[in-house]
Amino acid sequence: METSLLTRARAGDGEAFGLLVEPYRQELHAHCYRILGSAQDAEDVLQETLLSAWRGLTAFEERSGLRTWLYRIATNRALDARRSAGRRPQMQRPEVGVNPELPAPTHTSEVAWLEPIPDHVLETLADHRPGPAARYEANEAISLAFVNALQLLPARQRAVLVLRDVLGYSAAESADILETSTESVTSALKRARATLARHRPERAPAPPPDSPAERALVDRLTRAYATADVDQVIALLAEDVRLSMPPVPFEYRGRDAAAGMLAAVFARVGGRRLVATRANHQPAFGVYQRERHSGVLHAAGLMVLTLSGDRIAEMTIFDNNVLARFGLPRTLPA
């Protein structure tokens, strides 16, 4: 089937080309997202990749499989995008940390930009099993904490680690994709693994998606937000919890720091309604707060939870710009 589609596509059949690359579209999108940390940038690079593949299909020599050839184009396009300084907005410096009503953050984030990715973009990732050299399972390799940690690596190290430890390509295959030597790949992988080990704490496994344990935690959090019961929210936090708000470069680390921030927010705005969704194979919520006079609920961002056992290890709160990707509105009726 693939051979027939390839022959037709090389002859200029656009429909055949679409059928040829469709099985790889979602995994290529996820690959670009891991390297870039931005769902929008990943979508842009995916489109550039497919356009480049369409234009260069006659030059595809079939020395490697079509999937590997597409990964070569996507990886190098993503690295080019990382070098383009104009693709990302500047970091924001809002009232947090300078407003006397809110506690000062405990840390400044090292990651310049991060966005969540909706689960519907990731639906078929499990259909393509990684190679035998892979070190990460599919859910972990797209988790927000993992993608965040990847952004701490230089771009070339990031690409090497994803190719080797997420996709399971061999050192030789990775070198061919990146047009470098196996020695360079091996050296970059060693440094990348060491950096990730320093920045990724050991945690208990998260409960399986939509499991009774996950649903119980989500239900407790939703009720606590609705009733502005900050003590119940705090009770769900791990001791080493991290609260962050990309692209705001401030973080609250540890239960006491996160509790102070949450208490200050709840004191100012009261209860909030959470609308459940999923991001990065993790529980996520559109967060809405009620306007006092009209009762209309206005969006206050998207919150993604990283779970560790029966506790929340990370709360990552994104601004309203990401809501449309999740099919969430800016307002809800009273």
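The values are calculated or read from the model by the stated rules, or taken from the named source; none is laboratory data. What you see is a predicted model, and the numbers here were worked out from it, not measured in a lab. Cβ: placed from backbone, ideal geometry, glycine included. Neighbour counts: every protein chain shown.
If the requirement is being over 22 Å from residue 106 (Cα atoms) and of a type in the set (A, V, I, L, M, F, W, C), which of these qualifies: 267, 206, 259?
Details: 267 fails: over 22 Å from residue 106 (Cα atoms); 259 fails: over 22 Å from residue 106 (Cα atoms).
The match here is 206.
Out of region 319-334, which residues are part of a helix (DSSP H, G or I) and either closer than 24 Å to residue 214 by Cα or not assigned by TED's automatic domain parsing to the domain that holds residue 277 (or both)? Give the steps one after another, and end with the answer.
First, pick out the residues of region 319-334 that are part of a helix (DSSP H, G or I): 320-326.
Listed by number, the residues that qualify are 322, 323, 325, 326.
Every residue, every condition in (1) assigned by TED's automatic domain parsing to the domain that holds residue 140; (2) aliphatic (A, V, I, L, M); (3) under 19 Å from residue 143 (Cβ atoms); (4) assigned to a helix (DSSP H, G or I), yes or no:
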residue: 224; (1), (2), (3), (4): no, yes, no, yes
residue: 242; (1), (2), (3), (4): no, no, yes, no
residue: 259; (1), (2), (3), (4): no, yes, no, yes
residue: 263; (1), (2), (3), (4): no, yes, no, yes
residue: 284; (1), (2), (3), (4): no, yes, yes, no
residue: 288; (1), (2), (3), (4): no, no, no, no
residue: 298; (1), (2), (3), (4): no, no, no, no
residue: 317; (1), (2), (3), (4): no, yes, yes, no
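Among the candidates 178, 189, which residue alone is surrounded by 14 or more Cβ atoms within 10 Å (Cβ to Cβ), touching a helix residue (DSSP H, G or I) at 6+ places or on another chain (Cβ under 6 Å) and not assigned by TED's automatic domain parsing to the domain that holds residue 261? Don't jump to the end; show me each part of the working.
On the way: 178 fails: touching a helix residue (DSSP H, G or I) at 6+ places or on another chain (Cβ under 6 Å).
Checking each option against the conditions leaves just 189.
Quick check: is even one residue across region 86-97 part of a helix (DSSP H, G or I) and at pLDDT below 95?
Residues of region 86-97 that are part of a helix (DSSP H, G or I), as a first pass: 86-87.
With at pLDDT below 95 added as a condition, the list becomes 86-87.
Yes, there is a match, as at least one residue in region 86-97 is part of a helix (DSSP H, G or I) and at pLDDT below 95.
Right, residue 175: small (Gly, Ala, Ser), closer than 30 Å to residue 268 by Cα and without any contact (Cβ under 8 Å) to a residue 60 or more places away in the chain or not?
Details: small (Gly, Ala, Ser): yes; closer than 30 Å to residue 268 by Cα: no; without any contact (Cβ under 8 Å) to a residue 60 or more places away in the chain: yes.
Criteria not met by residue 175.
Do you know which of the residues in region 235-279 that are closer than 17 Å to residue 299 by Cα and of a type in the set (Lys, Arg) is surrounded by the fewest Cβ atoms within 10 Å (Cβ to Cβ)?
Top of the filtered list is 268.
Considering only region 23-78, state which residues are closer than 23 Å to residue 152 by Cβ, at pLDDT below 95 and of a type in the set (S, T, N, Q).
Selection gives 38, 40.
Among the residues of region 300-317 satisfying the criterion of being under 14 Å from residue 274 (Cβ atoms) and touching a Pro at 6+ places or on another chain (Cβ under 7 Å), which is surrounded by the fewest Cβ atoms within 10 Å (Cβ to Cβ)? Working first, answer last.
We begin by selecting, within region 300-317, every residue under 14 Å from residue 274 (Cβ atoms); these are 300-305, 312, 315, 317.
Add one more test, that the residue is touching a Pro at 6+ places or on another chain (Cβ under 7 Å), and what stays is 302, 304-305.
On the way: 302: 26, 304: 23, 305: 21.
Looking at the filtered set, the residue picked out is 305.
Which ones in region 214-256 are touching an Asp or Glu at 6+ places or on another chain (Cβ under 6 Å) and among the small types (Gly, Ala, Ser)?
So the first thing to find is which residues in region 214-256 are touching an Asp or Glu at 6+ places or on another chain (Cβ under 6 Å), and the list is 242, 244, 255.
Correct list: 244 only.
Restricting to region 163-177, what's the tally of residues that are among the β-branched types (Val, Ile, Thr) and within 20 Å of residue 138 (Cα to Cα)? Lay out the reasoning, then the answer.
So the first thing to find is which residues in region 163-177 are among the β-branched types (Val, Ile, Thr), and the list is 166, 177.
Subsequent filtering for residues that are within 20 Å of residue 138 (Cα to Cα) retains 166.
Qualifying residue count for the region: 1.
I want to confirm something. Restricting to region 1-55 and keeping residues that are exposed (fewer than 14 other Cβ atoms within 10 Å of the Cβ) and among the hydrophobic types (A, V, I, L, M, F, W, C), which single residue is nearest to residue 70 (Cα to Cα)?
Taking the candidates together, the pick is 51.
All but one of (1) touching a residue at least 60 places away in the same chain (Cβ under 8 Å); (2) closer than 16 Å to residue 72 by Cα; (3) crowded, with 21+ Cβ neighbours inside 10 Å hold for residue 155, so report the exception by its number.
The failed condition is (3).
Would you mind finding the one in 214, 173 that is surrounded by fewer than 21 Cβ atoms within 10 Å (Cβ to Cβ) and farther than 22 Å from residue 113 by Cα?
Numbers: 173 fails: surrounded by fewer than 21 Cβ atoms within 10 Å (Cβ to Cβ).
Going through 214, 173 in turn, just one is surrounded by fewer than 21 Cβ atoms within 10 Å (Cβ to Cβ) and farther than 22 Å from residue 113 by Cα: 214.
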